[in-house]
Every structure is written in structure tokens, then in C-alpha cells.
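The values are calculated or read from the model by the stated rules, or taken from the named source; none is laboratory data. Here the structure is a predicted model, which is why all the values come from computation and not from measurement. Quick reminder, even Gly has a Cβ in these numbers, built from the backbone with ideal geometry, and neighbours come from all protein chains shown.
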Ligand code: AQP
């Protein structure tokens, strides 16, 4: 029997190439090895400003992009968090074994508190507890995530240990699986992590024209002022994108020619644009085909919710007995 693997993505905006490299691409690679359970975590998305009128559509769009990017619903469970209320039930119980001190040390909480100064809510603070519930509800042994989520998975292990110590062995301690390449994609500003909310991203469904508009002004090696200056690929964000999207020959050419000013940054960007287009085009095509089949994504999500709920109910029965309420 394959071992359970869980991961999630927030429907907070445009899913971008950072999400793809850090998470989705890895999920797809792991589909044959693990019993994959993937979730559009709409309750997590409530912790920041929330537009009620577009929420339903953003959830469906997030699912569509993931399927188009290779998350084959025949090979995994794909569902929406709010359709399985056991997530929030378990989160409450786990809240009671999670130290406040640990939550207050979470980097994401500190960063999001700065970004959303006018809305530092309790949900933002206990976000990692709901994430622990998402994972532990399916007794997942593996959680493929980008680098920014490692701290939360470490906390999930701590929460599982604390629960097991107090109530008896129920949960395994999950391991985080981080890709060798692409665990932290920087935004096109070359400074902050590529983020939905920072507007420094290339969206997975963007057209070649839109992608070029973003790549053309993207920050490269800032010491390279003129075309004739040699560049340093090791500190160039564009080179790291090449390592994620280009073939070996292109990567080697860029590495060699940038260092001797054999190519300029515009040449390098054009090569990257070709590589990106080769990856993104089939994803865009599959997403359009899904859009042209009304109700298809909703049907996949309905089926996924039924499968997830059956499993979640089994774990919650065990949890309720362990804590003595049944
Ligand atoms: N820049 C990134 N590089 C590599 N991996 C990334 N992930 C996110 N950004 C990068 C990974 O994508 C998965 C799903 O992310 P999410 O939507 O749940 O989390 P997020 O961090 O909120 O995404 P954003 O894009 O950064 O959104 P905002 O702007 O709302 O903060 C996770 O596995 C994450 O590691």
C-alpha cells in the first residue's frame, strides 16, 4: 500500500511559477509513489483580506490550474478544505496542545503581520495549527512544500508528538519533502520570495506576451551595467530560473556566455522566455480545455471531497476516542 502524502495551496490569487517549482511540480512527480491528497485550502485564505464575491471562482480556478499543471485527479484526491469540516474540528483539538511560544516564533506569522498590519487576527496566528490538522487528519507521512513552509511542518511534528504524548499514539510525524531545485523562487524584483500578494510573479497561465512584458524589465546581476561587462550567473535571479526551466544545454550556454559577456541580459531573457513558454504552453492548453468543459472541475472536487471526508471521519473517530469525548 502507498503511504499517504498531503499538501495544499491557497486560493489567494494567481498561482505562479514559484508555486509550480516549489510545490506543484514536485506533487506531480510524486503521484506514482505516494497516495497523494491535495487540498485547496480556502479556510487558510480567510486569514487575509477576503473578497466574498470572487471566492468560489478562485477556488475552482486554483483547482483547474493544478489539474492543468499535471495533478491528475485519477491518481490522487483533490478537494476543497471547507468541504471537509473535520479539518477545523481537529484544528481546535490541536490548538490545545500547541504552545503559544512556538506559534509566535513562526516566520510567516511575523511577515504576514507586517504585510497586514490592520488585520492581525487570531487565525493568522494559529494558521500553522490548521495546517497541522490538514496533514495529520490523513496521517500523512510526507508533505511536499517549498522552503517557506519547512518551519510549519517542523511545528506539525511537534504538535503530533505533544498530542501522542498526552492522549496516546494516534499520529505519525510527517517529513517535509523539499525539491532540490526551486524550493525558493525569488520574484522578478530579484529580492523577495515570488508571492501572489507581492505582484512580482509570472502566473502559470500567462500568455507568452504577458510573460515577456514581465521578463523584459526583470532584475539580473546588478553589477552588470553594460552589455560588455561580464556577468555572474551565481547571483543572477534569471539564471536560477534557467536552472528551473531550461534544458541542460541552454543552462550551460547561459552559464558560460554570461561570464564572458558573450551574451547580454536581453539574450539571456529571450532564451528563458523560450524555455518558460515550452513549459507553460501545455499547461495553458489543458487549462483552456478544462474551462471549455463546464462543471468538470466541480465534479472532480465533489468526488475528491467524498473521498477525503471518508478518511477524515475515520481519523476523527479515533481522535475523539483518544481524547475521551466518545
Ligand atoms: N516563491 C516560491 N518558491 C517556491 N515555492 C513557493 N511556494 C510559494 N511561494 C513559493 C510554495 O507553494 C505552495 C503553496 O503556497 P501557498 O499558496 O499555500 O502559500 P503562500 O506562501 O501563501 O504563497 P504565496 O504565493 O507566497 O502567496 P502570498 O502572497 O499569499 O503569501 C507551498 O508549498 C509553498 O511553499
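A few notes on this one:
- Restricting attention to segment 217-238, the residues being under 26 Å from the mean Cα position of the chain (by Cα) and either within 16 Å of the ligand (Cβ to nearest atom) or in a loop (DSSP other than H, G, I, E, B) (or both) number 7.
- Within the set 149, 131, the sole residue that is in contact with a helix residue (DSSP H, G or I) (Cβ under 6 Å, 6 or more places away or on another chain), within 16 Å of the ligand (Cβ to nearest atom) and closer than 16 Å to residue 39 by Cβ turns out to be 131.
- The set of residues in segment 159-176 that are surrounded by fewer than 19 Cβ atoms within 10 Å (Cβ to Cβ) and out of contact with any helix residue (DSSP H, G or I) (no Cβ under 6 Å at 6 or more places or on another chain) comprises 161, 162, 164, 165, 166, 169, 172, 175.
- Cβ-Cβ under 7 Å pairs, at least 6 apart or on other chains, segment 141-156 side free of Cβ contacts under 8 Å to residues at least 24 places away in the same chain, far side part of a loop (DSSP other than H, G, I, E, B) and crowded, with 20+ Cβ neighbours inside 10 Å: 153/145; 153/174
- Residue within segment 1-16 that is within 12 Å of the ligand (Cβ to nearest atom), surrounded by fewer than 16 Cβ atoms within 10 Å (Cβ to Cβ) and in the same structural domain as residue 138 (by TED's automatic domain parsing) present: no
- Applying a threshold of 8 Å to beta carbon distances and a minimum spacing of six or more residues, or different chains, the list of pairs starting in segment 3-24 at a residue that is farther than 11 Å from residue 66 by Cα and ending at one that is within 6 Å of the ligand (Cβ to nearest atom) and part of a helix (DSSP H, G or I) reads 7/23; 22/148.
- Candidates 188, 198, filtered to the one that is touching a helix residue (DSSP H, G or I) at 6+ places or on another chain (Cβ under 7 Å) and over 24 Å from residue 71 (Cα atoms): 188
- Counting only helices (runs of 4 or more DSSP H) wholly contained in segment 74-180, the ones carrying 1 or more residues that are assigned by TED's automatic domain parsing to the domain that holds residue 301 and under 25 Å from residue 26 (Cα atoms) occupy 86-95, 107-115, 127-136, 150-167.
- Among the conditions (1) within 13 Å of the ligand (Cβ to nearest atom); (2) in contact (Cβ under 8 Å) with a residue 40 or more places away in the chain, the only one that residue 50 does not satisfy is (2).
- The residues on offer are 180, 196, 191, 162, and the sole one that is modelled with pLDDT under 95, more than 10 Å from the ligand (Cβ to nearest atom) and on the phi < 0 side of the Ramachandran plot is 191.
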